[in-house]
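Have a look at the structure below before the remarks.
The values are calculated or read from the model by the stated rules, or taken from the named source; none is laboratory data. Predicted, not measured: the structure shown is a model, and the values here were computed from it. Ideal geometry is used to build each Cβ from the backbone, glycine not excepted, and the neighbour counts take in all protein chains shown.
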Amino acid sequence: MMTDLALIRDAVARVADPEIPVVSIADLGILRDISLGADGVLQVTITPTYSGCPAMDAIRSDIADACERCGAGEVEVRTVLSPPWTTDWITDDGRRKLREFGIAPPGRSAAAPGRRAVPLALSVRCPRCGSPDTRQLSEFGSTACKALHACNACLEPFDYFKAI
């Protein structure tokens, strides 16, 4: 028996990203839509941060579990790649949570709607002390969507969520 769609939407929106558990899939903008099809099947639409994201299987499973806990019947988790995910979809709350967790969030794109900007970071602010005096140590961080940086002011290393 299907329960309240608003209850299900809330539960799915709270599904944590398995690689960065302080943010939800809604915070990251991965969750695109939740609807009830004419056949009674609950449809949850998600977009991965990139097409090869290894966390997507875990996210799909966690979405199905959240729906089941709410009493949803059959659930179809659909993955759509167009339009492609962009870091502009990260909510302000998600950016705050990343910063508080020690990950520097990306800036917002200045591109016109429907167009992608070339990411240009003049400075990445340290999420710990706020200093703009930082440097990139490696293009690759703890996950493929992050780069490893260090702060020259407080000397702490930190991840930077790459702008896409």
> Which one of these does A66 not meet: (1) modelled with pLDDT of 95 or more; (2) more than 20 Å from the chain's Cα centre (by Cα)?
Replying inline: (2)
> Is it the case that S51 is polar (S, T, N, Q) and either assigned by TED's automatic domain parsing to the domain that holds R99 or surrounded by fewer than 15 Cβ atoms within 10 Å (Cβ to Cβ) (or both)?
Replying inline: yes
> Has segment 18-41 got at least one residue that is over 23 Å from G141 (Cα atoms), among the β-branched types (V, I, T) and touching an Asp or Glu at 6+ places or on another chain (Cβ under 9 Å)?
Replying inline: yes
> Taking into account only those residues within segment 26-41 that are charged (D, E, K, R) and touching a residue at least 24 places away in the same chain (Cβ under 8 Å), which is surrounded by the most Cβ atoms within 10 Å (Cβ to Cβ)?
Replying inline: D27
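Results for (1) more than 20 Å from A72 (Cα to Cα); (2) among the hydrophobic types (A, V, I, L, M, F, W, C); (3) assigned to a strand (DSSP E or B), shown as yes or no for each residue.
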| site | (1), (2), (3) |
| --- | --- |
| A6 | no, yes, no |
| R9 | no, no, no |
| A38 | no, yes, no |
| S51 | yes, no, no |
> What are the pairs, 6+ residues apart or on separate chains, where a residue within segment 131-160 that is under 23 Å from D17 (Cβ atoms) has its Cβ under 6 Å from a residue that is hydroxyl-bearing (S, T, Y) and surrounded by fewer than 16 Cβ atoms within 10 Å (Cβ to Cβ)?
Replying inline: L148/S138; D159/S142
>> For the condition crowded, with 22+ Cβ neighbours inside 10 Å, farther than 20 Å from I103 by Cα and assigned by TED's automatic domain parsing to the domain that holds G73, what is the one hit in V15, V44, V23?
In response: V44
>> Quick test for you: out of R95, R14, pick the one residue that is among the basic types (K, R) and in contact (Cβ under 8 Å) with a residue 12 or more places away in the chain.
In response: R14
